[in-house]
Amino acid sequence: MALLGAATRPAIAKQMNSWRLLPRDEHTTELYLTDYRHVRTEAVRSSKQAVEFTVHNLEHRPTTYHYTITASPEETNVESRIDADSFTLAPDQFAKISKPLAIATNGRVLVKVILEYTAVSPGGAAASPQTQLLHYWLAGRMPTEQKARP
């Protein structure tokens, strides 16, 4: 209890804060699949499905986010940009993004969401560029009626 009483005195609290002995607000951004339990891992070639992800701003300040969605077929490993955009979120605000994706291969495709923004890194004092990555594999297949043909 003596420590809490001392922390209420401005000079002592300031010194303890400079030594990083007092709790600090955590600055973070959450990036996740909107409904990870229903993410499709297989798609019929040329059919559309959605890439859906959510961003939650826990930075304690308005933050501008830039995202890029890419797809890379395993057979060629050539990355194609599906979509890119920017948005700003107020503190504790969410953004749910859903973009269509058409698979043009019968093989596996690596789907990536790259999120870039400027924020205070954990343990840091100044804002710096931050990047988060979310990815999953999607298997493309031929439509059933085309598979049955000789």
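At-a-glance table
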| read-out | value |
| --- | --- |
| Residues within region 1-53 that are in a strand (DSSP E or B) and modelled with pLDDT of 85 or more, tallied | 10 |
| Filtered residue count, region 106-136, keeping only those that are assigned to a loop (DSSP other than H, G, I, E, B) and within 14 Å of GLN49 (Cβ to Cβ) | 0 |
| Residue, modelled with the highest pLDDT, within region 65-105, restricted to residues that are surrounded by 15 or more Cβ atoms within 10 Å (Cβ to Cβ) and outside any strand (DSSP E or B) | ILE103 |
| Filter result for HIS56 (outside any loop (DSSP other than H, G, I, E, B), at pLDDT 85 or above and closer than 30 Å to ARG20 by Cβ) | yes |
| Verdict on LEU115 being buried (at least 18 other Cβ atoms within 10 Å of the Cβ), without any contact (Cβ under 8 Å) to a residue 60 or more places away in the chain and within 16 Å of THR34 (Cβ to Cβ) | no |
| Scope region 106-150; condition of a type in the set (S, T, N, Q) and modelled with pLDDT of 85 or more; matching residues | THR118, SER128, GLN130, THR131, GLN132 |
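The values are calculated or read from the model by the stated rules, or taken from the named source; none is laboratory data. The structure presented is a predicted model; accordingly, all values stated were derived computationally and were not measured. All Cβ positions, glycine included, derive from the backbone under ideal geometry; neighbour counts span all protein chains shown.
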